[in-house]
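The values are calculated or read from the model by the stated rules, or taken from the named source; none is laboratory data. In this text the structure is predicted, and so the values were computed from the model without any measurement. Note: ideal-geometry Cβ built from the backbone for every residue, glycine included; neighbour counts use all protein chains shown.
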Amino acid sequence: MRIVNSKRIILGLVFVFLGISLWLTLFTLVEASSFAAVDARVLYAIPNTSGDCSSWEQACDLQSAIYRSVAGDQIWVAAGTYFPTTSTDRTVSFNLKSGIAIFGGFPAGGGTWAERDWQINPTILSGDIGLSGNSSDNSYHVIVGTNLETNTVLDGFTVTSGNASAEAPYDRGGGMYLVVSHPSINQVSFTNNFAGYGGGVYNLRGNPSFTDVVFSNNSCQF
């Protein structure tokens with residue numbers, strides 16, 4: 001009887017030890033997840049601003065926010081129209097970075113996540129960098145993505161007025177040109193873009209996902 005009781009005691013202790021170990025493991029994972037969520041940085045973009053991107057009050061332009069961002073960051077983008085460049089250089093685009101999540105649809109001047117609505121607060125990425133309304137001098141690609149991982153997100157935008165009308169690779173992907181990339185494209189409207197190949201989006205050797213995406217009035221030559 002003593003041997004049986006000893007075995008029961010030992011088994012009981014083993015189960016208690018395993019239970020404590022499992023609890024500590026789960027606690028560690030939850031703590032790590034919470035820390036990662038808190039540690040994630042948000043940058044804020046409003047058209048024609050030049051702050052340090054750290055808040056709506058210190059917002060910067062979208063190109064500056066992308067330049068300052070590192071993997072794991074989010075960029076919150078207020079309603080308005082954003083151009084890849086203030087020059088007439090048609091080769092300049094919004095170059096996405098791997099691991100960055102960019103969310104449009106915030107109210108003009110900024111707002112909370114609960115106020116974000118990409119349809120009520122149109123956030124426009126436009127390639128109409130030259131003479132307004134003249135597509136011949138528009139950006140070749142509004143957006144470019146190269147080697148983007150699956151944790152790259154573009155969400156809540158209208159992408160318009162790209163004109164990929166030159167020699168390769170500037171003959172494809174007027175709205176978006178993707179190379180070996182797997183981003184998540186959500187709640188985006190591609191409209192009024194032109195290219196030799198892939199007026200709205202051109203995808204080369206990648207596997208992007210598209211959710212609630214609209215293509216309208218895009219055209220291509222081939």
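Selection of segment 56-79 for residues being assigned to a strand (DSSP E or B) and under 9 Å from Ala45 (Cβ atoms) yields Cys60, Ile75, Trp76, Val77, Ala78.
Taking segment 113-157 as the range and being of a type outside the set (A, V, I, L, M, F, W, C), in contact with a strand residue (DSSP E or B) (Cβ under 6 Å, 6 or more places away or on another chain) and under 15 Å from Ser93 (Cα atoms) as the test, the residues that pass are Ser126, Asn138, Tyr140, His141, Gly145, Thr146.
Scoring Gly105 on the criteria (1) on the phi > 0 side of the Ramachandran plot; (2) of a type outside the set (A, V, I, L, M); (3) not in a strand (DSSP E or B) leaves a single failure, condition (3). For Ala36, state whether it is of a type in the set (Gly, Ala, Ser), modelled with pLDDT of 95 or more and outside any strand (DSSP E or B). No: the conditions fail for Ala36. Note on segment 42-80: residues that are surrounded by fewer than 15 Cβ atoms within 10 Å (Cβ to Cβ) and of a type in the set (S, T, N, Q) total 5.
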